[in-house]
Amino acid sequence: MNLQDLAAHVAEQFQNHYGRPARWIVAAPGRVNFIGEHTDYNDGFVLPMAIERYAVMAADTASVPGAISVYDTQFKESAKIDISQPVTKGQPKWSNYLRGVIAGFQQRALAVPALDVAMISTVPLGGGLSSSAALEVCTATLLEAATGKALDPVEKALLAQKAEHEFAGVPCGIMDQFISALGREGHLLLLDCRTRKTELVPMSDPSVALLIVNTNVKHELGSGEYAKRRAECESAARALGVASLRDATPEQLAAHQGKMDGVAYRRARHVIGEIERTVHAAEGLRASNWIGAGQLMYASHASLRDDYEVSCKELDAVVEIAGDIGLAGGVYGCRMTGGGFGGCAVALVKADQVVAITERIASLYHVKTGLEATIFSSRPATGASILRG
Ligand code: ADP
Ligand code: MG
């Protein structure tokens, strides 16, 4: 469903549930990271794209003060959030993404009004496409509309990130909330995780699109291995005598190879190379050099698989299939995206061959793994927006 249809749908749901029309409609997208994996906690660059999948909320001021009532139209479940005092964690679990954002507004002494809200999301939940950030940024956008006070977009993203840290208990980086809040149609966002500086990277040529392939597997070792990688990066930075791997050059790494543990060396080689690839990929997209950007995606995947060791056989299968389809079949490049050990792969493809590519990946993935992949394409979508209000 496109954003306009989705807005109309949630407005209708609001009307049905509350018996009056909605005054505000707001939306915020999920995202996929084009390149720049495991670089965020090393002060490096990431290059996410907002996808055409959104959390959308329709709302009106409530007749009874003191609470925000939220109706989740998908799960047919309601939450009532007491706003007469500082908002705390509560039930149902998903309401914490909203609670954290409301608390952030309260802490800024912005007078949060009582609201009735209906919400829906087309971002797959828990699929690595950041349905959580979409929900947080959507909530923040609703509160901007309802209070009439627009936050600085960076402050808004940081407020949403804090909600995820403190109310959902997920110590995420800044990427997801930044792209959901700051994304612009037809653009990716090059984000410097050290300085928080952002740069829109145009990809407005309609002949290319991203294909998002969910392997539909999530291997358990994920979170433990993630903590291990972070520690390995810190130890590699110490060995190289730099504050973080962002500050290390390939030459420095080569000079230290003999003095470093083999694992630390390979982890550092991934991060240092990936930061460089991310900057080059942004240049490639800006120059409409799809082949060059695609090659960087394959190189990123190989590095994540061999040096960083966070891929898995299902992700490798998708990338291999994409490579076999190749340029002749309309695929420029492909890589795993997200933390790894399952989740999604992303491919840069020719837009007019999306249907054929989707069919081939789906059937070959099934042959190779016995599993079903979930696949959809997206052009760079708009970031958070107020659609009515
Ligand atoms: P991801 O952000 O990659 O989708 P997370 O585990 O961070 O995965 O967030 C998924 C969680 O976000 C879900 O388990 C659910 O609690 C919550 N969530 C997101 N969108 C919705 C929604 N529309 N309705 C209910 N819960 C949602
Ligand atoms: Mg999330």
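Given a 1.4 Å probe and every protein chain left where it sits, what share in percent of the accessible area of the chain is carbon and sulfur? Mind dumping the intermediate values first?
On the way: 8080 of 15620 Å².
Of all accessible area on the chain, carbon and sulfur atoms account for 52 percent.
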Lys, Arg +1 and Asp, Glu -1 on Cβ, resulting dipole of the chain about Cα centre, debye, nearest 20:
520 debye
If the reach is capped at under 26 angstrom between alpha carbons, list the lysines near LYS350, excluding any in the same chain fewer than eight residues apart.
LYS313, LYS368
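Do me a favour and compute the ellipsoid semi-axes for segment 203-244 from its Cα gyration tensor, root of five times each eigenvalue, largest one first, whole Å.
On the way: eigenvalues 226, 90, 5 Å².
Values for segment 203-244, descending: 34, 21, 5 Å.
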Local net charge near GLY126, Cβ-Cβ under 13 Å (Lys/Arg +1, Asp/Glu -1)
+2
Out of LEU158, LEU315, LEU129, any idea which swings most in a Gaussian network model of the chain, alpha carbons joined below 10 Å?
LEU158
How far is helix 153-167 tilted off the main Cα axis of the chain, in degrees rounded to 10, range 0 to 90?
90 degrees
Residue among GLY186, GLY19, GLY127 with the largest mean-square fluctuation in a Gaussian network model of the chain, springs linking Cα atoms under 10 Å
GLY19
Could you work out which residue, out of VAL101, VAL137, VAL242, moves most in a Gaussian network model of the chain, that is, has the largest mean-square fluctuation with Cα springs under 10 Å?
VAL242
Amide H contacts of LEU188 (H built 1.01 Å from N, under 5 Å, at least 5 apart or other chain)
VAL201, MET203
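Order 9-16, 171-178, 255-262 from most to least packed using the mean count of other Cβ atoms within 10 Å. List each step's numbers first, then the result.
Values: 9-16: 18.5, 171-178: 21.0, 255-262: 11.5.
Answer by packing, highest mean first, reads 171-178, 9-16, 255-262.
Checking the a/c ratio against 1.5 first, then a/b against b/c, what shape does the Cα gyration tensor give for segment 208-378?
Working: a/c = 2.76, a/b = 1.59, b/c = 1.73.
Note, shape of segment 208-378 comes out oblate.
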With every protein chain left in place, what is the accessible area of LEU387 in Å² (1.4 Å probe, nearest 10)?
60 Å²
Once both axes come from the Cα atoms, what is the angle between helix 313-325 and the longest principal axis of the chain, in degrees from 0 to 90, rounded to 10?
70 degrees
Nearest 10 degrees, 0 to 90: what angle lies between the long axis of helix 262-286 and the longest principal axis of the chain (Cα atoms)?
70 degrees
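Per residue, how much space in cubic angstrom lies within the convex hull of the C-alpha atoms of the chain?
Values: hull volume 52.5 nm³, N = 389.
Normalising the Cα hull of the chain by residue number yields 135 Å³.
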Would you work out which of HIS270, GLY284, CYS138 lies farthest towards the positive end of the dipole of the chain? Charges go on Cβ: Lys and Arg +1, Asp and Glu -1.
CYS138
Using a 1.4 angstrom probe, figure out how much accessible area segment 27-180 has per residue, in square angstrom, rounded to the nearest whole.
33 Å²
The chain, relative contact order in percent, only Cα pairs under 8 angstrom and at least six apart counted
23 percent
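The values are calculated or read from the model by the stated rules, or taken from the named source; none is laboratory data. Everything numeric in this text was worked out from a predicted model, so none of it was measured. In this analysis, Cβ positions are derived from the backbone assuming ideal geometry, glycine residues included, and neighbour counts consider all displayed protein chains. The accessibility values were calculated without ligands, DNA or RNA, using every heavy atom of the protein model including side chains. Shrake-Rupley method; radii C 1.70, N 1.55, O 1.52, S 1.80 Å.
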